[in-house]
Every structure is written in structure tokens, then in C-alpha cells.
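Report on the structure given below.
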Protein chains: 2
Amino acid sequence: MNEFELIRLLTRGLPTSPAVTVGPGDDCAVIDLSIPERQLLLKTDAVVEGVHFTREHAPERVGHKALGRCLSDIAAMAGDPVAALVTLGLPPGFLPSYIEGIYAGMERLASRHGVAIVGGETTTNPGGLLVSISLLGTAPRDRYVTRVGAAPGDALFVTGQLGGSIEGRHLDFEPRLAEARWLAEHFRPGSMIDLSDGLAGDLGHLLRPGGLGAELHGKAIPVSREARLRAKASPSSKPALLAALTDGEDFELLFTLPSRRAVALLDAWKERFPKVPLSCIGRIRPTPGILLRDKHGTRELQAHGYVHFA
Amino acid sequence: MNEFELIRLLTRGLPTSPAVTVGPGDDCAVIDLSIPERQLLLKTDAVVEGVHFTREHAPERVGHKALGRCLSDIAAMAGDPVAALVTLGLPPGFLPSYIEGIYAGMERLASRHGVAIVGGETTTNPGGLLVSISLLGTAPRDRYVTRVGAAPGDALFVTGQLGGSIEGRHLDFEPRLAEARWLAEHFRPGSMIDLSDGLAGDLGHLLRPGGLGAELHGKAIPVSREARLRAKASPSSKPALLAALTDGEDFELLFTLPSRRAVALLDAWKERFPKVPLSCIGRIRPTPGILLRDKHGTRELQAHGYVHFA
């Protein structure tokens, strides 16, 4: 049983309440507690030594990543982060200076985005260091964006450049909070997600609710420099485009918009965020399946992004 | 460096914001987002295999404990739990049926207290199973209770019976949510905490903010049957009273109240919660130190509850 199957099993029939607007399965839960004009967002995420980082990584970068992952999920709903709690699982013989470094990285990122760190817990974790973040945020009552809402014909956009984040970007990315807020205010994406498991896999989360598919334009997919360098470095490496489609931890925004708004968005974006690439990478189709179109023709991507490259 | 020293080090100068009413150092953080009549409570807590439970414990009890610990912290603020997120750290070769059992235990407790489970995350955790809960709650705007507010002369109360929770109660306790809510509504405790690290240690958290002390009446401390049995079982066991003073994970409420209200509280409590013992165990003193008075006289408890027994 893999992680996704387990989550599906566990999230059947969970207790809910009238306050729950969006429950399990989106980037954040949305809770309605009658705050004038706002809804609450709730998110939790953990990074684990040996899985998401190693002791060789500077602790400041580990702290940045731990909090940044949760902030990226708030961005995916076009929300505003408010307050974070930190849970540390400490292995025997941990170095206080390393933990201080983790906090320094979290604090810098939190300050930049106006997030208060309001407490936390420490516990023993025999197998290695674990940093779990709980994040409370808010979003305008009728302007948060979920994974549900893509429509056939919609244009598909992605921010930044994809693939090869393992070279360092997975530790240093800047969550796209300002970009997402601006998008929701000016263009109201139909659906949005942040890329944590790779474009091809995360796109599936936008398509599944409506039984939809997508057509991607290979040439339009923004392949990162790292993905290109890695592809060149060894003949056994992933081709760069495949890396952009399937590598995890990009933490960029993927969203849909009626195609008649596409040009206006690209123009306005360039003016507002000149340093952040925005790419229109394809469109939503009415039937399931992700098609990739490039110079070799059109092929279907398999589950989890696997694709035969010619 | 121990856990408490580390926490003190890490919580100096954390980023905060105007929305933060109570930051690190209380049972929950309190956040003010202008909800009419309510404040938000935020709490996180983790249980780890080999530290807080073992594989021999039924998974339903582990799930109950994981959520119950957080609910107990909401109770300590006299709040109402609303929604929980669950983070699972899974070791290699975990059994899906065990995880299902953990969820079953959480769900039963959540349903009983009207808590929605609104999502979560799973991650790999090489060293063993870890269950971390993030909990959102609310409390009446001017009726939540913090650790700060004890006054000299106040009577000191504790619910339930103390010590020996390791015999099973640490997995099966019922968080005192209804009791705390009723208390705050009818008697407004000056300060309150839930007992997780032992009466003597946690009492310190109520005394420290005001530079206060306490006098405990040995005979009034409600020693549990388990603590008595364990004391009798072996000559090397903790004396039962010491167990009641220092054993962890009781998850009972410890609170202070002006002493002129003590009798009225005990009467009203007996009527409202006939099955839950409530004991007046001493009073707050104006100077630091915890004194224990029993048939042998009056002695001072040392840090962390250590005391020489005659």
C-alpha cells in the first residue's frame, strides 16, 4: 500500500462539522468561523532528516524549507498566513546550535511574510530530526482558490521553472504568496495547486474532480537550468523535459483560467512580477488523460508522469 | 541542555504580530482575528513510538492519546475544539491496519467532542511511528483561562486522581473539556493548566509568572489507586504520594480560585460532575517555593517535584 492509497483509506468518513467548508484533499482545510469577510485556512506539514534534508544541509535552509512548504500550501489557496506552531522531534545527541539554526531560518521567512511563531512542542524522535509545522491562515471569504474548478478549454499556467530542485531549490524556494494573492484578486483562477510531487502528478489533482484531462505543449514547459544541466551530466539522467514534468518539490503554482483571459494575464503578470516567469503550458480537455504534444507528435503521459521518450 | 532549556532558548524573540493575544509558553496560543465574541486557540502535540506508546498498545488507544493530549490543552484554556489535522510519520514496513486503528481511536474521540478531522499529511519517519496533531479551537473572547493569574491566598484545585497513569490511564484519559468550560462559565479560575509533566512541575508554571509559591496539604492530594498499588508492589517503588506529585501524563486540570469561592465551587461541582473528583489541595503563597505539609511537618519540594520522604 503506498502513501496515496493509505490517505484515501484513512480519509473516508472522517468526523466533520458544519464549520468545515473544505475538508481533507485540498492544499489547506477551510474553516468558517463567521469571521467577517474571511475564512480560516489550516495546514500541517513535516520534514524529516534523511527524507527531506540531511545533516549536511545548513540548518537555516532546513528551517526555511519546513515553514516554506506550509506557506506554499497557503499560497495555493490564495490565502494569507497568520501564525505557525513548530513541533521538533529530536534524536539523541542533537546539537542545540543546529536547532537554533533551524529556528533562525524559519524566523527569517516568517518575518518576511508577517507570520507569527506562536509556540510549539519538542519531543524525542529516535530515528532522526523531524520538523513539523502547523499553520493558520485566512483568505477572503469568496476569493480563496481550491483544487476543484478547472473547466474544459481553460488555459493551464505555471509559475517559475521546473525540475532539478534537488540541486538546492527544494531548500531555498520562496513561497508564491504575493503572486497568488494578486492572481486571485485580479484574475480569479478556477483551480490552483502548488507543485510538490511534480507537475504531471499534481496536475492530476486539478483534473480528477471534474473527470477532465489536459494537453501540454512540450515546448512551453519551463524547464529549469538545473534540470538541463543534470540531463547533460550523465547519459543515464532523466531527460530535462521529463525532469520538469516529474521532479518533486518545485513549489511553484499551477492554475487554470478561462483561455480568453490568458493574454491579459500574461501581460499584467509581466508588469507586476517581472522577475517571476509565468508560462501558459497547455489547456484543459473534457476527457481524462494528460497528452504531451511536442515535435515528435502527441503522446499520453502515464500515471505519476511516467512517459516513454523517443 | 534539556528540553526546557532548549525551549527557553528558542522562544526568545520569535516573530509575532498584532493578532497574537497569547504567544509561546501557555497551553495554547491565542489569536485574535476579530471573530465576534471569540478568540482562536491553536495547539500542536506529537506522540512517538517508544516514547509515548509502544507497538504493544492497541492502536485505537494510541490514536485516542494523540488527539486527547491536544484536547486536554484546549480544556486547560477553557476552550472548545473545532478542527484537527493529523500528521503521520511512518517507519518502513508499517501495517496499514495499525494506522487504521489509530484513526479509529482518534475519530471516536473527535466525534464525542464535536471535532472535525480536516486533513493531514503522511511522511516517512525512519525511527518509528509518530503521530502529530494540530488543533484549532475557540474560546469566549473574555473567558479563556491562561497560566498567568494566580494570586496569593488563592485556593488550589485539581480534578481526578493523580499518579500511576503509566498503568494505562495515559492512553485512556478523557480530556476535561466539559468540566473546564463549566468552570470558566461559573467560577472563572484565575489560572489553569493541564497536568502533563506531574503536579509539582506543572504547578511551577502557574507560580512562576507572579513569582509566587504554594503550600500543598499532603492529605488532600488525590492519590490514584494505581499509584497506591505500585507503591505497595515493590519496596523500591515511589511512595504513592510522591507518585501523585511527580508522575506525568495525568491530564487532569490544576487551577486557582479566590479562596472565598472554594466551598461554593466544591458544592456546585459535586452536583454537576458527581463522578469526577475535585480536590482543594492547598493555597497560593506570596513567595516562591512549594511547601508540602503532612503529618511529618512542612518541607519544601525541590525542583521537578523531588522531595526527601521521611
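Any residue at all in region B:171-185 that is under 17 Å from the mean Cα position of the chain (by Cα), modelled with pLDDT of 95 or more, more than 22 Å from B:L41 (Cβ to Cβ) and not assigned by TED's automatic domain parsing to the domain that holds B:V22? Checking region B:171-185: at least one residue is under 17 Å from the mean Cα position of the chain (by Cα), modelled with pLDDT of 95 or more, more than 22 Å from B:L41 (Cβ to Cβ) and not assigned by TED's automatic domain parsing to the domain that holds B:V22. Against the definition (over 27 Å from A:D267 (Cα atoms), at pLDDT below 95 and away from every other protein chain (no Cβ under 14 Å)), how does A:G201 come out, yes or no? Spelling it out, A:G201 is indeed over 27 Å from A:D267 (Cα atoms), at pLDDT below 95 and away from every other protein chain (no Cβ under 14 Å). Taking (1) of a type in the set (D, E); (2) outside any strand (DSSP E or B); (3) modelled with pLDDT under 95; (4) within 29 Å of B:L130 (Cβ to Cβ) in turn, A:E121 satisfies each apart from (2). Residues considered: B:A75, B:A110, B:A104, B:A83. Of these, the only one that is part of a helix (DSSP H, G or I) and at the interface with chain A (Cβ under 8 Å from one of its Cβ atoms) is B:A110. The condition (being closer than 26 Å to A:C70 by Cα and either at pLDDT below 95 or among the polar types (S, T, N, Q) (or both)) is satisfied by just one residue among B:S72, B:S111: B:S72. Scanning region B:257-310 for residues that are of a type in the set (A, V, I, L, M, F, W, C) and in a loop (DSSP other than H, G, I, E, B), which turns out modelled with the lowest pLDDT? Per the stated criteria, the residue is B:A310.
No other residue among A:S132, A:S191 is hydroxyl-bearing (S, T, Y), at pLDDT 95 or above and outside the structural domain of A:H64 (by TED's automatic domain parsing) apart from A:S191. Search region B:87-101 for residues being closer than 15 Å to B:I133 by Cβ and within 8 Å of chain A (Cβ to nearest Cβ), and hand back the single one that is surrounded by the most Cβ atoms within 10 Å (Cβ to Cβ). This residue is B:G89. Does B:T54 qualify as being more than 10 Å from chain A (Cβ to nearest Cβ), of a type in the set (S, T, N, Q) and closer than 27 Å to B:D250 by Cα? Criteria met by B:T54.
Using the structure shown, decide if A:L301 is among the aliphatic types (A, V, I, L, M) and farther than 22 Å from A:F173 by Cα. It is true that A:L301 is among the aliphatic types (A, V, I, L, M) and farther than 22 Å from A:F173 by Cα.
Residues in region A:18-45 that are over 26 Å from B:S97 (Cα atoms), in a loop (DSSP other than H, G, I, E, B), at the interface with chain B (Cβ under 8 Å from one of its Cβ atoms) and not hydrophobic (A, V, I, L, M, F, W, C): A:P36 alone.
Given the options A:V131, A:V48, name the one that is outside any helix (DSSP H, G or I), within 10 Å of chain B (Cβ to nearest Cβ) and among the hydrophobic types (A, V, I, L, M, F, W, C). Reasoning before the result, please.
Details: A:V131 fails: within 10 Å of chain B (Cβ to nearest Cβ).
Only one candidate qualifies: A:V48.
So how many residues does region B:229-275 have that are small (G, A, S) and closer than 14 Å to B:F187 by Cα? Total meeting the criteria: 4.
The values are calculated or read from the model by the stated rules, or taken from the named source; none is laboratory data. Bear in mind the structure is a predicted one, so any value in this text is a computation, not a measurement. We place every Cβ from the backbone using ideal geometry, glycine too, and count neighbours over all the protein chains shown.
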